[in-house]
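Heads up, the thing below is written out as structure tokens.
We did not get these values from a lab; they are worked out from the coordinates using the rules stated. Quick caveat: nothing in here was measured; it's all calculated off a predicted structure. Cβ coordinates were reconstructed from backbone atoms using ideal geometry, including for glycine residues, and neighbour counts include every protein chain displayed.
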Protein chains: 2
Amino acid sequence: MKMRIVLVDDHKVVRDGVKLFLQNDEEFSIVGEAGNAVTALSVIQRENPDVVLMDLSIGEDDGIELTRKMLGENPDLRVVALTMHNDYQYVQAMLEAGAKGYVLKNCDENELREALRTVMNGDIYYGEEVTKMVMNNMAHQQKNEKTASVTFTPREKEVYKLILQELTNQEIADKLFISVRTVEVHKRNLMEKTGAKSSTGLVLYAVKNNLFDHP
Amino acid sequence: MKMRIVLVDDHKVVRDGVKLFLQNDEEFSIVGEAGNAVTALSVIQRENPDVVLMDLSIGEDDGIELTRKMLGENPDLRVVALTMHNDYQYVQAMLEAGAKGYVLKNCDENELREALRTVMNGDIYYGEEVTKMVMNNMAHQQKNEKTASVTFTPREKEVYKLILQELTNQEIADKLFISVRTVEVHKRNLMEKTGAKSSTGLVLYAVKNNLFDHP
DNA sequence: ATCTGACTACGGGTTTACCCGTAAATAACT
DNA sequence: AGTTATTTACGGGTAAACCCGTAGTCAGAT
């Protein structure tokens, strides 16, 4: 029994390339293809494939959202991202959308086959390059943040943490046994230091600079 | 010339264990140790070691903040995290703090040596287990989020994206050529769907669920 | 002993956000 | 043709956030 694959990519060249890879194969068989989101959904519903090979940017459509949607309708579907983006954001988004594999377009034939087999087995596959990129990205994020390093006073940190818990000024005041006005002052100073214009801005700053992330 | 190492860990057992690993060694030499943050800072300033082996939780002190601090004062220092936590949050936080390596305490002697050598060379080292954990974590985050998946209307998404750019309701209204009241409605609905109590809550929800992360 | 930084707090004002209900136009699906 | 979802918008109000200046206390540094 061959593995039934559907290809989703807006570039015909890519689809043909992959078909060439896998045609006349005893293991894999491409049972459908699509160049946009709408077609993809109908083809997949019709063919009910084992695996979907999915590009990230399908013309106007978003492969990540499409993946999310497909898996919402059919959670047993296995999606493998096939893309040229070796980018942390994309890998993360795609895996979180529910993709079971992530392979670069410049991979060799064996890697693609290996990915398909692994995913078919219910496991998760990511190429070596992808793994490397993810780890290096984590390590090098630190460089991007050195520039924007601001120091907060202990009290400011406390207030900041509570802001990040969706508390209002009043609630923060109660929790720290101080006046709301004091909380306002700390907040003002925090906004001054971070360049934020509101609580929302403070949260965004905290996220961008990964403050208070570690538990 | 031996590599000069300072050990920071609040458990004497661990310090002794590592010393046993590396004593009478031609390659490595432990020139100092510390059980808390204050001692660590002074020892490191005195000894100016090549590498610091650092635990994450040093009693009351936070190894992550300590690392950040040390590297702020002396950016050329190489810090290797040595810990039992094989946890995404910790790895990320530590690498972002500027650590050049991350090794688990249950690693074998060779892995520790390899880590020290790699870091000494100016490269970054993380054990195989750590790499595996990070990748699996990324892939499995999706499971935690399936539960909390809400669908937004296109317009709601637009508004949401602008909220995440620190715009006020008025600014969002101007940008979308609609009334502030309309923005308020969308926001109300977003807060309804997400359970957020304010804009801040919406931002936090977006972060936790990694919405709109991919560019 | 003075000075700086951090934390505290108030007054008084403006603006923005949030709450609640209502409701019309449009599109889409049935 | 009728229901439903989406987007649009208003009115009227409350509560919270934000702005700006002032000012006392207390610890630690010079």
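Can you give the helix-only mean residue ellipticity at 222 nm for the protein assembly as shown, where every DSSP H stretch with n ≥ 4 adds -39500 (n - 2.57) and the sum goes over all residues, rounded to the nearest 500 deg cm²/dmol?
Only helices count here, giving -17000 deg cm²/dmol.
So the label point sits 7 Å from Cα along the Cα-to-Cβ vector; using that for residue A:151, what distances do you get to the other copies, in nanometres, sorted shortest first?
Label-point distances to the other copies, shortest first: 5.2 nm.
Normalised by the number of residues in chain A, what is the relative contact order in percent for Cα pairs under 8 Å and 6+ residues apart?
12
Which distances, in nm and shortest first, link the residue B:2 label point to the same label point in every other copy, taking 7 Å along Cα→Cβ?
6.6
Specify the inter-centroid distance of the range A:16-59 and the range B:69-109, based on alpha-carbon positions, in whole Å.
Measuring centre to centre over Cα atoms gives 43 Å.
Over the whole of A:84-91, what's the average partner chain Cβ count within 10 Å per residue? Rounded to a whole number, please.
Average neighbour count from other chains, rounded to a whole number: 2.
What number of lysine-lysine pairs in the range A:64-188 show an alpha-carbon separation below 24 angstrom, given a sequence spacing of 8 or more or placement on distinct chains?
For the range A:64-188, qualifying lysine pairs total 16.
State whether the protein assembly as shown is rounded, prolate or oblate according to the following rule on the C-alpha gyration tensor (a ≥ b ≥ c being the square roots of its eigenvalues): a/c under 1.5 gives rounded; otherwise a/b larger than b/c gives prolate, and the remaining case gives oblate.
On the way: a/c = 2.68, a/b = 1.20, b/c = 2.23.
The shape class here is oblate.
Starting from a label point 7 Å past Cα on the Cβ side, list the distances from residue A:170 to the same position in the other copies, nm, shortest first.
Here the equivalent label points are 2.5 nm apart from this one.
At 1.306 mPa s and 10 °C, plugging the Kirkwood radius over alpha-carbon pairs of chain B into Stokes-Einstein gives what diffusion coefficient in µm²/s? The partial results should precede the final answer.
Details: Rh = 20.1 Å.
After rounding, the answer is 79 µm²/s.
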